[in-house]
1. Any idea how many residues of the range 41-78 are more than 26 Å from Ala150 (Cβ to Cβ) and of a type in the set (A, V, I, L, M)?
2. Can you name the helices (runs of 4 or more DSSP H) wholly within the range 11-74 that have at least 1 residues being among the polar types (S, T, N, Q), more than 13 Å from ligand 1 (Cβ to nearest atom) and farther than 30 Å from Val104 by Cβ?
3. Looking at Arg83, Arg87, Arg106 in this structure, which one is in contact with a strand residue (DSSP E or B) (Cβ under 7 Å, 6 or more places away or on another chain) and part of a helix (DSSP H, G or I)?
4. I'd like the residue in the range 194-235 that is among the small types (Gly, Ala, Ser) and closer than 17 Å to Pro159 by Cβ and, out of all such residues, is modelled with the lowest pLDDT.
5. Would you say Arg105 is in the same structural domain as Pro161 (by TED's automatic domain parsing) and surrounded by fewer than 21 Cβ atoms within 10 Å (Cβ to Cβ)?
6. Check off (1) under 26 Å from Leu43 (Cα atoms); (2) touching a helix residue (DSSP H, G or I) at 6+ places or on another chain (Cβ under 6 Å); (3) crowded, with 19+ Cβ neighbours inside 10 Å; (4) of a type outside the set (Gly, Ala, Ser) for Glu127 and give me the number that stays unchecked.
7. Select, from Lys157, Lys247, Lys189, the only residue that is assigned to a loop (DSSP other than H, G, I, E, B) and in contact (Cβ under 8 Å) with a residue 24 or more places away in the chain.
8. Among the numbered conditions (1) surrounded by fewer than 22 Cβ atoms within 10 Å (Cβ to Cβ); (2) more than 16 Å from the chain's Cα centre (by Cα), tell me where Ala25 comes up short.
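The values are calculated or read from the model by the stated rules, or taken from the named source; none is laboratory data. Remember, it's a predicted structure, so these values are computed and weren't measured experimentally. We place every Cβ from the backbone using ideal geometry, glycine too, and count neighbours over all the protein chains shown.
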Amino acid sequence: MTLKALIFDVDGTLADTERDGHRPAFNRAFAEMGLDWHWDEALYGELLAVTGGKERIKYYVESFRRDYQKPSNFEELVAELHRAKTRHYTQLLSSGAIPLRPGVRRLLQQAREAGLRLAIATTTTPENVTALLRYSLGEGTEAWFDVIAAGDIVPAKKPAPDIYLWALDALQLAPSACLAFEDSGNGIKASRGAGIPTVVTVNGYTDTDAFDDALAVLSDLGEPDVPCRVVQGDINGKSCVDVELLKAWLS
Ligand code: XBP
Ligand code: MG
């Protein structure tokens, strides 16, 4: 099958957003609303088992704060907390605090030059995607992506395949004409569940997840002069992931 499009996860894949982006933003929202909740780095790793910010807050309350008396408007409170968290997170991104991961900008540029289409399939809120692209990739780069599938447009978040199926439908492409880029066990379950061959770049929160079904598992996408580390699979003697390698994987 000819490669037509690349579909990228955002959090953990385009940039390491979780530990120093989403996590402090959640904590600022909790403090702002007078809650004594604080998610340290280790606890946040456990909470990442659940994708989606609102879903994660509810999981925390149900599994870690059984002492907490939920008010009758708990759903509204979660929604308000999440809006505050999104405000803090996008503010953080606007300061340029979160750079793209190695090789991301290079591969996106190469893919565009090679005529490949680009898409995004993420659990996070659309405003967060826009902010990351604007402040980390550059003003106007949202237009590089034909499809941005994000947040609550599908009710079932990753590991359900729904967000990828939504993106495929919007692209009007078969899964076998695409490659997905993911960083987590939940992410690859979603992309493979939609039938899309998947490349994984791990990070500190996901390097012990299971990726049996990946085309390759790498430390990052690498750069010509800063090679990536291969955890699983074969990158044909290259130092980094490029369009030639992606095409070879798909054939
Ligand atoms: C990302 C997530 C998200 C973010 C928070 O998962 O799990 O929940 O942590 O985003 P993936 P929101 O990388 O697999 O898409 O708070 O905006 O939901
Ligand atoms: Mg991710």
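1. 1
2. Once the helices (runs of 4 or more DSSP H) in the range 11-74 are filtered for at least 1 residues that are among the polar types (S, T, N, Q), more than 13 Å from ligand 1 (Cβ to nearest atom) and farther than 30 Å from Val104 by Cβ, what remains is 53-64.
3. None of the other options fit; the residue is Arg106.
4. Checking each candidate, the answer is Ala210.
5. Here the answer is yes, as Arg105 does meet what is asked.
6. Tallying (1) under 26 Å from Leu43 (Cα atoms); (2) touching a helix residue (DSSP H, G or I) at 6+ places or on another chain (Cβ under 6 Å); (3) crowded, with 19+ Cβ neighbours inside 10 Å; (4) of a type outside the set (Gly, Ala, Ser), Glu127 fails exactly one: (3).
7. One residue alone meets the criteria, Lys157.
8. Going through the list (1) surrounded by fewer than 22 Cβ atoms within 10 Å (Cβ to Cβ); (2) more than 16 Å from the chain's Cα centre (by Cα), Ala25 breaks only (1).
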